[in-house]
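Here is the structure we will look at.
The values are calculated or read from the model by the stated rules, or taken from the named source; none is laboratory data. Since the structure is predicted, the reported quantities are computational estimates derived from the model, not experimental observations. Neighbour counts run over all protein chains shown; Cβ positions are idealised from the backbone, glycine included.
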Amino acid sequence: MKYPSLKNYIDGKFIDGGEKRIDVISPIDGSIISTVPISGTDAVNRAVTAAQKAFPAWSAKPIKERSQIFYKYKSLLEKNINDLAELIHEENGKTISESIAEIEKSIEVTEFACSLEQLAAGEVMEVSKGVECRAERFPVGVVACITPFNFPNMVPNWTIPNALVLGNCMILKPSELVPISANRIADLLKEAGLPDGVFNVVHGAKDVVEAICDHPGIQAVSFVGSTKVAKIVYTRSTSNLKRALTLGGAKNHLIVLPDANVAMTASNVAASMSGCAGQRCMAASAMVAVGSVDNIINQLVEEAKKIIPGKNLGAVISKQAKERIENYITEAEKEGAKILLDGRNCKVHGKENGFYVGPTVIDHVKPEMRIAKEEVFGPVLAIIRTDTIDQALSIQQSSLYGNAASVFTQSGGMARYISERASAGMIGVNIGVPVPREPFSFGGWNESKFGTCDITGKSSIEFWTKLKKTTVKWNPESQINWMS
């Protein structure tokens, strides 16, 4: 194995997580690169105890002091970017360039967290003669974040810097498919000077997730993953009187109008559907072609042909994922859709045991087909044809999900018309992956998100803190009225 067997990280130390372990398999060649413990409730209890012990001293530090640690952490992410990217490549399967981009987003989010001392400074006002009201933000306490396989470094860092700078202590439960990056994050936070117990990592599967949802010592839970599990985590956490913010799946529609710039649209759509092997909740999954756009579709196919598995297209996460994605393609073909570019049965020379699906473009997909409605999570684009913009909007609005939607056009009026009516939390105009940059927050609508606030940006301050209002009067001789 390339990497040592993993342990949990609790109270500043790596400790055994129990006898039950599973292999960590690299999607790029099917090799075993490490093993990870499948811990249980005891490990969660121990992590919560450590976090509770650390919380009084950590939360009492001025936010300016807490943020200084994350300036150092940001520098460490920058210093180690190539090693961190190589690790992501090996455990997740995405390309090195995509892995570097993931770390760069982690750096951006951490940089934003360092500004929280200005954004969460509180307010004060003299509301009446001699009477002062003050509003201050306080951490909620011990929190937990449950993260998916598709972004082993970035998604944990959506929550870690903001939650900890704001004074909380955290337990991270990473995906058991990509656990190595989580331990590396723990190493870097320790090196940056984070006190023991403030950040903890518990590896495991369903039992750990359930223990996090149920534990009375955990005050807030964030989750990123499938909609099915997002609903379960949200319901279970809130039924135990916790705050919860859970992000689920997506079916992102790109509406392409006849006047769209051909080259820009084709390259953007191809990159959106295939980036990170399509394993991202912002990927283009369905292209809604309005009217006569065959020239754009033809160019799109040519662009997609330039995307080569093992070179500029990474692997999907597992053999099971590869089979599931290819089954969607086969089913659509049997139902009458036309395969313009077929990525099934893909093999990469020298990595024959890897899990690769080539870029796939499917035309004449009907809105009622499964591939048009469900999240495929692979480098597959379903093209649905419509005659009018309102028909295209109706298809987008009927989706259960609401993460992202984009429109490709040269008409500002049409862009505005579609942007205002699309049922999604993140909108793009001539942009295939409309991820907001900090300080704007990431978060969808409908069954792509459960809970209030967002997971990043300014909106995350509301989730990771609670508001205390203090009214003060020291001057007994001040004029008295109904406000005092």
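A few remarks follow.
Per-residue answers, yes or no, for (1) under 23 Å from residue 220 (Cβ atoms); (2) not polar (S, T, N, Q):
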| residue | (1), (2) |
| --- | --- |
| 53 | yes, yes |
| 59 | yes, no |
| 75 | no, no |
| 92 | no, no |
| 95 | no, no |
| 99 | no, no |
| 103 | no, yes |
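- Every condition in (1) in contact with a strand residue (DSSP E or B) (Cβ under 9 Å, 6 or more places away or on another chain); (2) in a helix (DSSP H, G or I); (3) closer than 22 Å to residue 369 by Cα is met by residue 304 except one, and the failing one is (3).
Conditions (1) in contact with a strand residue (DSSP E or B) (Cβ under 8 Å, 6 or more places away or on another chain); (2) small (Gly, Ala, Ser), marked per residue:
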{"residue": "158", "(1), (2)": "yes, no"}
{"residue": "175", "(1), (2)": "no, yes"}
{"residue": "202", "(1), (2)": "yes, no"}
{"residue": "220", "(1), (2)": "yes, yes"}
{"residue": "233", "(1), (2)": "yes, no"}
{"residue": "243", "(1), (2)": "yes, no"}
{"residue": "257", "(1), (2)": "yes, no"}
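- Hits in the range 78-92 (condition: assigned to a helix (DSSP H, G or I) and in contact (Cβ under 8 Å) with a residue 40 or more places away in the chain): 84, 87, 88, 89, 90, 91, 92
- Pick from the range 384-431, criterion aromatic (Phe, Trp, Tyr) and not in a loop (DSSP other than H, G, I, E, B), ranking: nearest to residue 289 (Cα to Cα): 408
- All conditions in (1) surrounded by 22 or more Cβ atoms within 10 Å (Cβ to Cβ); (2) out of contact with any Leu (no Cβ under 6 Å at 6 or more places or on another chain); (3) touching a residue at least 40 places away in the same chain (Cβ under 8 Å) hold for residue 173, with the sole exception of (3).
- Of all residues in the range 425-445, those satisfying the criterion of being over 16 Å from the mean Cα position of the chain (by Cα) and in contact (Cβ under 8 Å) with a residue 24 or more places away in the chain are 428, 430, 431, 432.
- So residue 296, is it farther than 21 Å from residue 435 by Cα, modelled with pLDDT of 95 or more and of a type outside the set (Gly, Ala, Ser): yes
- Filter pass, residue 51 being among the hydrophobic types (A, V, I, L, M, F, W, C) and out of contact with any Phe, Trp or Tyr (no Cβ under 9 Å at 6 or more places or on another chain): no
- Scanning the range 108-119 turns up one or more residues that are under 25 Å from residue 455 (Cβ atoms) and small (Gly, Ala, Ser).
- Scanning the range 169-188 for residues that are among the β-branched types (Val, Ile, Thr) and assigned to a loop (DSSP other than H, G, I, E, B) turns up just one, 178.
Per-residue answers, yes or no, for (1) in contact with a strand residue (DSSP E or B) (Cβ under 7 Å, 6 or more places away or on another chain); (2) of a type in the set (Gly, Ala, Ser):
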position: 264; (1), (2): no, no
position: 272; (1), (2): yes, yes
position: 276; (1), (2): no, no
position: 282; (1), (2): yes, no
position: 292; (1), (2): no, yes
position: 297; (1), (2): yes, no
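- Selection of helices (runs of 4 or more DSSP H) fully inside the range 189-290 by the criterion of at least 3 residues being touching a Leu at 6+ places or on another chain (Cβ under 7 Å) and of a type outside the set (Ser, Thr, Tyr) returns 262-274.
- Residues of the range 362-411 classified as free of Cβ contacts under 8 Å to residues at least 40 places away in the same chain and under 22 Å from the mean Cα position of the chain (by Cα), total: 0
- Residue 47 touching a strand residue (DSSP E or B) at 6+ places or on another chain (Cβ under 9 Å), more than 29 Å from residue 279 (Cα to Cα) and either outside the structural domain of residue 212 (by TED's automatic domain parsing) or modelled with pLDDT of 95 or more (or both): yes
- Residue within the range 432-449 that is surrounded by fewer than 24 Cβ atoms within 10 Å (Cβ to Cβ), modelled with pLDDT of 95 or more, among the hydrophobic types (A, V, I, L, M, F, W, C) and not in a loop (DSSP other than H, G, I, E, B) present: no
- Candidates 242, 305, 251, 228, filtered to the one that is basic (Lys, Arg) and crowded, with 24+ Cβ neighbours inside 10 Å: 251
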